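I have placed the structure first, in the form of C-alpha cells, so that the comments after it can refer back to it.
No value in this document is a laboratory result; all are computed from the given coordinates. Computed from a prediction, not measured in an experiment: that's the story for all the values here. Virtual Cβ from ideal backbone geometry, glycine too; neighbours counted across all protein chains shown.
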C-alpha cells in the first residue's frame, strides 16, 4: 500500500523536527511505500501536499497534529482550525482514509476526529498501532480493540484508551524521512528522547495524559546509540534531550550523563529541569556531557503561586538552583505564566522582582493559562463559570485571575519587556560559546 504521512506543524518556535512521525514512517516503510511531507519549511505546504496526493495516489493519509494552539493568551492561533480546510481539499481529490495522531490529537481524540471529519485516529503512541491499522484498512476488516484507536461506529465516535509504554528500542533508521538541513539552523536541531511519563500534577498541565503517568526509563546505551546515529548520519551535533523533567529520577539522570561522557561524542545539548532535585555532581556531569542550557520548570516565581500551581517546591530552592547553574556556567531559561487562580498584582511583582535578582539567560513571560481537560485548572474554571463543558476547550480558552485581568497583565508584561528585554541578548553569547565549543572539539 502507498502511505502519505504529513507533519502539519508550522509553528517555528524552537522548531522541533518531526521525530515522532518519522518513527511512524519507519514502522511501515518495510512493508509499504511511504512518502513524507514536512509542512515546517514549505512556503505553500498545503499546495505541495495536494500535488503529492494527485501524483502519489496514496491508499492511506496520516496527519500528525503536534500543538492545539500557540499558548498565547493575547491573540491565539489554532492550527486545528487551519488544518480542517486542508482536509476538505484532500477529500475533493482522494478517497484514501485519513488517520490523525500526535500530541494535540491525544488531548482531544474524539472531539478532533469529529471536528476534522477524519476517518480514524490513534491517541498516544502510534508506532505499533499504526501498522496494524494500515493492515486492517487493506483487509477491509477493522479491529476495534486496537489501543488508542479512534473510529466511528453506528454514528458515534469511539475512542479507545491510549497506551503509552515508552520507547525501549533505538530509533536509527536507514534513511532520514525528513530533510534535516533546515533544522540545523534552529536552536536545537536534533532531538533524542530520554524518558517518558510524568508523575507530577501541576494544576494546568496535561502531560500525564499526553506522555503518560508512569515513568518509563530508556537504556542509557540506547540513548547514546541514537545520539551517535544523528551525529554520524545527519551531522547533527546540537540536541534537545527531550524529557518532561530530566532530574525527577536523579540517579538515572547521572547514569545517562555518564554514558554520554564515556561515548566521547562532541555535542551540545539542552534539557528541562525541576529546581528541587539536584546537586553539584549533576551539574558537573551535565557540563562534561555538553549540556549548555536548561529550561527550569518553575512557571512562577512567587511562593503563593508556586503553591497554587501545585509545583511542590519552595521559591528558595528555585534561587538555589539558579545560583548553582550560574556557578557551573550552564545557561538557563525561566518562564512565568501569569494569571492563574490566586494571582494578584502583588504576586506578579514578586515574580518580576525575582527575575531581576537572578538574571536568567532567557526570560519568557506569558499571560493566561490555557485550560485543558483532565486538569485541576479545568475543574476550577468550571466551578467559577468560566467554561461549562470540556467540549468548549478544543479551541483556546484561557484562565485569567479576576484580581489582575487580561489587560493589566499584558500591559505589565509589555512594560517589563521594554525595560529588561535586552537581557535576553545573553542567548547570543551562549550560542557563540556553543559554536566555538563544537568547532574546537571537531
- Message: Once each part is reduced to its C-alpha centroid, what is the distance from the stretch 186-232 to the stretch 303-380 in angstrom?
- Response: 22 Å
- Message: As an exercise, find the ratio Rg/Rh for the stretch 1-157 from alpha-carbon atoms, using the Kirkwood inverse-distance average for Rh.
- Response: 0.94
- Task: Using only Cα atoms, tell me the angle between helix 220-233 and the longest principal axis of the chain; keep it within 0 to 90° and round to the nearest 10.
- Result: 70 degrees
- Task: Springs between alpha-carbon atoms under 10 Å, Gaussian network over the chain: tell me which of 411, 62, 297 tops the mean-square fluctuations.
- Result: 411
- Query: So how do 246, 171 line up by other beta-carbon neighbours within 10 Å, fewest first?
  - Reply: 171, 246
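Expressed as a rounded percentage, what relative contact order does the chain have, with Cα pairs under 8 Å and six or more residues apart? The partial results should precede the final answer.
Details: 786 pairs, mean separation 53.8, N = 442.
Answer for the chain is 12 percent.
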- Query: Taking Cα pairs under 8 Å and at least six residues apart, what relative contact order does the stretch 187-441 come out at, in percent?
  - Reply: 17 percent
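So what's the stretch 187-441 giving for Rg/Rh, alpha carbon basis, Kirkwood Rh from the mean inverse pair distance? Let's see the in-between values first.
Working: Rg = 19.1 Å, Rh = 19.4 Å.
The Rg/Rh ratio comes out at 0.99.
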- Item | Label corresponding to semi-axes √(5λ) of the Cα gyration tensor in Å when calculated from the structure given, among [x] 53, 30, 24; [y] 35, 28, 20; [z] 45, 28, 21 | [y]
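Based only on other Cβ atoms within 10 Å, what is the fewest-to-most ordering of 328, 240, 208? It would help to have the intermediate numbers written out before the result.
Values: 328 14, 240 24, 208 19.
Taking fewest neighbouring Cβ atoms as first place, the list is 328, 208, 240.
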- Exposure proxy order (Cβ contacts within 10 Å, fewest to most) of 224, 382: 382, 224
- Message: Using helices alone, I'd like the mean residue ellipticity at 222 nm for the chain: each DSSP H run of four-plus residues gives -39500 (n - 2.57), total over residue count, nearest 500.
- Response: -12000 deg cm²/dmol
- Query: Which whole-angstrom value gives the distance between the alpha carbon centres of the stretch 262-277 and the stretch 100-155?
  - Reply: 35 Å
